[in-house]
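Working notes, structure below.
The values are calculated or read from the model by the stated rules, or taken from the named source; none is laboratory data. Nothing here was measured: the structure is a model prediction, and the numbers come from that model. Virtual Cβ from ideal backbone geometry, glycine too; neighbours counted across all protein chains shown.
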Amino acid sequence: MSQPLPQTAPRTEATKAALEAVYNWNYEPEIDELRTLYANALERQWIAVRDLPWENGVDKQAFAKTFSMAGFPIQETQFWKDLPADTQWEVARRSAAFLLSNFLHGEQGALMVASQLVNAVPHMDGKFYASTQTLDEARHVEVFAKYIDGIDHVYPIMPSLKTLLDATLGHGTWLHKAVGMNIVVEGLALFTFRDMRNTTSEPLLKELLTYVSRDEARHTGFGVKYLSHVVSEIDDAQEAELEDFAFEAARLLIDSRSGTTMRQSALALWAEAGHDPEESLHAIVKERMTVKKEMGRTGGFAGPVRGFVIPTLRRIGLFSDRIAGHFMEMFEANLGKERAAQLDMEIAFPEDLDAWIEGGASTAA
Ligand SMILES: [Fe+2]
Ligand SMILES: [Fe+2]
């Protein structure tokens with residue numbers, strides 16, 4: 001007798017997905033760039049349980065000393081350095097688990113969207129590539145779940161991220177799926193993974209993020225290479241619709257008016273760790289020059305949308321003056337008109353993504 005399968009309820013939740021499955025009867029290579037990405041993906045597969053140093057566990061001291069809160073370099077402030085080591089660890093592990101949990105949920109969304117793309121993209125080279133991304137994303141779900149297990153527990157998904165994943169899974173056209181996932185969600189993720197990777201000195205996390213970021217660079221590369229071709233061929237109305245979808249996706253994740261942002265939620269966890277977030281913020285504000293300098297160095301200052309998503313949208317031809325206006329309105333509402341006017345909106349897309357990941361200082365500085 002075989003064992004019964006584990007119960008899925010109440011852990012599962014259904015959403016209405018949509019796609020049009022497309023056959024392609026041509027089996028000859030058609031788009032060299034995508035065929036190459038597929039070949040690279042096959043070359044660069046890795047096995048999480050074998051290739052990462054899990055046996056050493058998490059180095060708590062290194063983790064707490066070099067913890068970066070999604071681009072905010074709190075670890076460089078005197079305030080942070082003066083906290084007792086156990087408080088640093090408590091605050092860092094909870095905030096990081098919250099952040100990594102949302103990455104984990106995002107990875108599950110990516111796993112499902114990538115598998116949809118296997119069906120929905122019209123070119124065989126695109127289907128080949130998307131099948132490799134599906135496997136990559138399964139591995140990312142595996143590694144983030146395993147790492148979180150070593151520091152805390154998995155936190156629930158943020159409502160805004162859930163809304164975005166639902167919208168991407170539920171949209172009927174592959175173009176919207178690729179824009180929502182490969183450009184916006186994965187752009188934000190790649191920017192943040194890179195920041196965390198370059199800031200942390202916790203060996204397991206650093207190595208894990210190095211592997212994951214290389215995969216994500218390929219996923220962004222797919223979006224950029226494929227969509228650049230397609231966007232140049234669609235009409236203005238379709239282009240505007242895709243721009244709106246991209247803007248709404250980014251807005252959901254970073255606009256403080258869309259609910260609770262990741263940073264706000266992370267600060268709430270400080271209270272749970274026995275530390276008054278108001279008091280901490282006050283102390284940090286006093287050290288704003290240190291924070292500003294450090295953010296300029298790591299690229300966190302630009303943030304993932306201005307530092308990466310907008311450059312990507314511009315690169316693929318989905319950043320018209322009309323949509324640039326929407327982004328500017330959002331920045332003005334979040335930062336005030338004066339600060340928004342000083343923002344550098346011309347950050348270039350890093351063409352060599354692998355080199356960009358390795359680089360400590362980004363072009364966004
Ligand atoms: Fe991923
Ligand atoms: Fe990905």
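Scanning the stretch 84-102 for residues that are in contact (Cβ under 8 Å) with a residue 60 or more places away in the chain and not small (G, A, S), we see that the one that is surrounded by the fewest Cβ atoms within 10 Å (Cβ to Cβ) is T87. Being part of a loop (DSSP other than H, G, I, E, B) and in contact with a helix residue (DSSP H, G or I) (Cβ under 8 Å, 6 or more places away or on another chain) holds for only one residue in Y129, Y155, Y147, and it is Y155.
In the stretch 4-23, the count of residues that are surrounded by 13 or more Cβ atoms within 10 Å (Cβ to Cβ), among the β-branched types (V, I, T) and assigned to a helix (DSSP H, G or I) is zero.
When you look at V179, is it modelled with pLDDT of 95 or more, under 29 Å from F63 (Cα atoms) and of a type outside the set (G, A, S), yes or no? No. Counting the residues of the stretch 142-172 that are surrounded by 19 or more Cβ atoms within 10 Å (Cβ to Cβ) and within 16 Å of ligand 1 (Cβ to nearest atom) gives 9. When F103 is tested against (1) more than 12 Å from ligand 2 (Cβ to nearest atom); (2) of a type outside the set (D, E, K, R); (3) within 25 Å of P277 (Cβ to Cβ), just one condition goes unmet, and that condition is (1).
Beta carbons closer than 9 Å, at least 6 apart along the sequence or on distinct chains, pair a first residue in the stretch 202-221 that is under 19 Å from V309 (Cα atoms) and in a helix (DSSP H, G or I) with a second that is polar (S, T, N, Q) and within 11 Å of ligand 1 (Cβ to nearest atom) for D215/Q133; R218/Q133; H219/Q133; H219/N182; T220/N182; G221/N182. Is it true that some residue in the stretch 251-270 is modelled with pLDDT under 85, surrounded by 13 or more Cβ atoms within 10 Å (Cβ to Cβ) and of a type in the set (F, W, Y)? Scanning the stretch 251-270, I find at least one residue that is modelled with pLDDT under 85, surrounded by 13 or more Cβ atoms within 10 Å (Cβ to Cβ) and of a type in the set (F, W, Y), so the answer is yes. Residue check: S213 meets all listed conditions (1) over 28 Å from A14 (Cβ atoms); (2) crowded, with 22+ Cβ neighbours inside 10 Å; (3) more than 13 Å from ligand 2 (Cβ to nearest atom) but one, namely (3).
Among R197, R139, R94, which is the only one that is away from ligand 1 (no atom under 16 Å from the Cβ), under 29 Å from N56 (Cα atoms) and part of a helix (DSSP H, G or I)? Steps first, answer last, please.
Values: R197 fails: away from ligand 1 (no atom under 16 Å from the Cβ); R139 fails: away from ligand 1 (no atom under 16 Å from the Cβ).
After ruling out the rest, the residue left standing is R94.
Evaluate the stretch 172-193: report whether one residue or more is away from ligand 2 (no atom under 16 Å from the Cβ), among the polar types (S, T, N, Q), in a helix (DSSP H, G or I) and touching a helix residue (DSSP H, G or I) at 6+ places or on another chain (Cβ under 9 Å). No: zero hits. Restricting the search to the stretch 121-141, which residues are more than 23 Å from I47 (Cα to Cα) and crowded, with 23+ Cβ neighbours inside 10 Å? Across the stretch 121-141, the qualifying residues are V121, G126. Quick check: is even one residue across the stretch 199-210 surrounded by fewer than 18 Cβ atoms within 10 Å (Cβ to Cβ) and within 16 Å of ligand 2 (Cβ to nearest atom)? Among the residues of the stretch 199-210, at least one is surrounded by fewer than 18 Cβ atoms within 10 Å (Cβ to Cβ) and within 16 Å of ligand 2 (Cβ to nearest atom), which makes the answer yes.
Scanning the stretch 103-120 for residues that are of a type outside the set (A, V, I, L, M, F, W, C) and farther than 13 Å from M181 by Cβ, we see that the one that is surrounded by the fewest Cβ atoms within 10 Å (Cβ to Cβ) is N119.
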